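A short write-up of the structure that comes next.
The values are calculated or read from the model by the stated rules, or taken from the named source; none is laboratory data. Owing to the predicted nature of the structure, the values given are computational and were not obtained by experimental measurement. Glycine also receives a Cβ, built like all others from the backbone with ideal geometry; neighbour counts cover every protein chain displayed.
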Amino acid sequence: MIPGLVSAVTFLPALGAVALLLVPRRLDAVHRAGALAVAVLTFLVSVPLWTRFDGTRADFQFEEVAGWMPSLGVSYHVGVDGISLLLVLLTTLLTPIALASAWRAIEDRTKEFVVTILLLETGMLGVFVSLDLFLFFVFWEAMLIPMYLVIGVWGGANRIYAAVKFVLYTMVGSALMLVAILAFYYQHGAATGTYTFDVPTLARWVLPAGLGQDLMFLAFALAFAIKVPLFPFHTWLPDAHVEAPTAGSVILAGVLLKMGTYGFLRFCLPFFPDASLQFAPLVFALAVIGIVYGALVSTVQPDLKKLVAYSSVSHLGFVMLGLFTLNQQGLVGGLIQMVNHGLSTGALFLMVGMIYERRHTRLIAEFGGLWKVIPAFSALFLVVVLSSLGLPGLNGFVGEFLVLVGAFQVSGWLAAAATTGIIFAAVYLLWMYQRVVFGEITRDENRRLTDLCPREWAVLAPLLLFIVWIGVYPAAFTGKTEATIAALLAQVESKASVALAR
């Protein structure tokens, strides 16, 4: 193990942001190149987390522990396991891609924009690697400020409304989660004599079943459900996506939404196993409603970006469905689907942004016949669309198949209803693709479009590589998670039986 690797990955973007603050404002090219270099370096530094991670172990690896506020039981404790590893690497992959996509799109306050994105990356990574509840909450809240600025400063016409709505929704959930964190901290201290925020220590303790556990679960679950977003807490998402710049949409869809699903895995299931089992049917039902609702609403959207935004509600419904099957196939499928959604939907937002930069419109009716004018863009767009709807051989199929295998073990009827979401996905994605790419060119502006430039090829190539890699050889990714998921399931079952026996 490489000492200090997790901290290096987490704080390298923030150090780069501080360095760029010292560069004069007029040097926009230096800001763009410097931020991109820092983000690429962060990704390269994170690669050893993958190559040296032992997938046969279920414990935390690359751990770092240091005293912070020992009198309060607060420590600087970070590390990764099979749950957080893939999400850390997804974050370090998507951030440089998002920065590269904004090379020409962001021309106002470039220095502030790249600094904000780098600070946002540190906040997101901190959420995934924190193994102390206090530290986790600090990163969870700190990440909110940069994302608010990305939407509110560099967004579209209704950016202030969308940014404020995003913050208010998130803050409501966060406030309740903070109350639950403190309640859990004091209950653990009263029962064991040890007051600590350490996640592994708290996860080993069995909280008595009953109203207290149920209320704490609901407080945590609300915060995470808003972030996912789980139906019916999704209404902030389309506004945030549509108003955010392309880079913001990529990070929002690719990483930020996964913080909610990650929170369910990391905290709700091991901390509150009895409540998780009790509320699993409710979450299961809401996930299925979200899958079908998101798909149906996507079908009628006239705006490309809003269509992709509502598709996220449907795709994240599959993730939640997998997590609350509470079986091996469903949980592994849900975790791999988090990564798949980040890759596929991130690529969709990138390509919508590319076409918007050329035409300054996202209305589907404004396009048509693009294959004749920009065939390379159209071909790559087809691959991304097929991966998003779950074509075998591409990444989306793997996650959705595992989720549905797990779901059928729980409820055949609900799993069958969820399966219709795949059919609807084919409807709205292929119908959208047909109207945008095929047919006759009806607008003269579309005849003058230019095909992908080298920078855009470089932005899309890594995503396409992983889309195909996961689809063809998923074991390279699922193998890193299976031991951790198996240990988590065993922990939930054993703790729930003990809690119920009391």
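Give the range 172-197 a look and list any residue that's at pLDDT 85 or above and in a loop (DSSP other than H, G, I, E, B), or say none.
Tyr195, Thr196, Phe197, listed by residue number.
Out of the residues in the range 25-67 that are free of Cβ contacts under 8 Å to residues at least 40 places away in the same chain and small (Gly, Ala, Ser), state the one that is nearest to Leu86 (Cα to Cα).
By that ranking, first place goes to Ala37.
Can you tell me which residue in the range 198-209 is nearest to the chain's Cα centre (by Cα), limited to those that are modelled with pLDDT of 85 or more and more than 14 Å from Leu72 (Cα to Cα)?
Val199
So which residues in the range 168-197 are crowded, with 16+ Cβ neighbours inside 10 Å and more than 17 Å from Ser75 (Cβ to Cβ)?
Matches in the range 168-197: Tyr169, Thr170, Gly173, Ser174, Leu176, Met177, Leu178, Ala180, Gln187.
Given Val339, Val319, Val313, which one is closer than 21 Å to Ala486 by Cα, in contact with a His (Cβ under 8 Å, 6 or more places away or on another chain) and in a helix (DSSP H, G or I)?
On inspection, the qualifying residue turns out to be Val319.
Where residues in the range 94-105 are hydrophobic (A, V, I, L, M, F, W, C) and surrounded by fewer than 23 Cβ atoms within 10 Å (Cβ to Cβ), which of them is farthest from Ala37 (Cα to Cα)?
Step by step, filter the range 94-105, then rank; the result is Ala105.
Can you say whether Lys165 is assigned to a helix (DSSP H, G or I), touching a residue at least 40 places away in the same chain (Cβ under 8 Å) and either more than 20 Å from the chain's Cα centre (by Cα) or crowded, with 19+ Cβ neighbours inside 10 Å (or both), as far as the supplied structure shows?
No: the conditions fail for Lys165.
Scan the range 75-91 and tell me whether some residue there is surrounded by fewer than 22 Cβ atoms within 10 Å (Cβ to Cβ) and more than 24 Å from Leu256 (Cα to Cα).
Looking through the range 75-91, at least one residue is surrounded by fewer than 22 Cβ atoms within 10 Å (Cβ to Cβ) and more than 24 Å from Leu256 (Cα to Cα).
Residue check, Gln278 against (1) over 30 Å from Glu63 (Cα atoms); (2) of a type in the set (S, T, N, Q); (3) touching a helix residue (DSSP H, G or I) at 6+ places or on another chain (Cβ under 6 Å), all met but one. Which one?
Of the numbered conditions (1) over 30 Å from Glu63 (Cα atoms); (2) of a type in the set (S, T, N, Q); (3) touching a helix residue (DSSP H, G or I) at 6+ places or on another chain (Cβ under 6 Å), the odd one out for Gln278 is (3).
Checking the condition within 30 Å of Phe279 (Cβ to Cβ), touching a residue at least 12 places away in the same chain (Cβ under 8 Å) and of a type in the set (Val, Ile, Thr), which residue from Val459, Val427, Val492, Val472 passes?
Among Val459, Val427, Val492, Val472, only Val492 is within 30 Å of Phe279 (Cβ to Cβ), touching a residue at least 12 places away in the same chain (Cβ under 8 Å) and of a type in the set (Val, Ile, Thr).
Considering the range 2-43 alone, what residues qualify as being out of contact with any helix residue (DSSP H, G or I) (no Cβ under 6 Å at 6 or more places or on another chain), surrounded by 14 or more Cβ atoms within 10 Å (Cβ to Cβ) and assigned to a loop (DSSP other than H, G, I, E, B)?
Leu27 - this is the single residue of the range 2-43 that is out of contact with any helix residue (DSSP H, G or I) (no Cβ under 6 Å at 6 or more places or on another chain), surrounded by 14 or more Cβ atoms within 10 Å (Cβ to Cβ) and assigned to a loop (DSSP other than H, G, I, E, B).
Residues in the range 74-87: is at least one more than 26 Å from His234 (Cα to Cα), at pLDDT below 90 and assigned to a helix (DSSP H, G or I)?
No, because not a single residue in the range 74-87 is more than 26 Å from His234 (Cα to Cα), at pLDDT below 90 and assigned to a helix (DSSP H, G or I).
Could you please find all residues in the range 145-191 being more than 21 Å from Leu257 (Cα to Cα), small (Gly, Ala, Ser) and in contact with a Pro (Cβ under 9 Å, 6 or more places away or on another chain)?
Ala191
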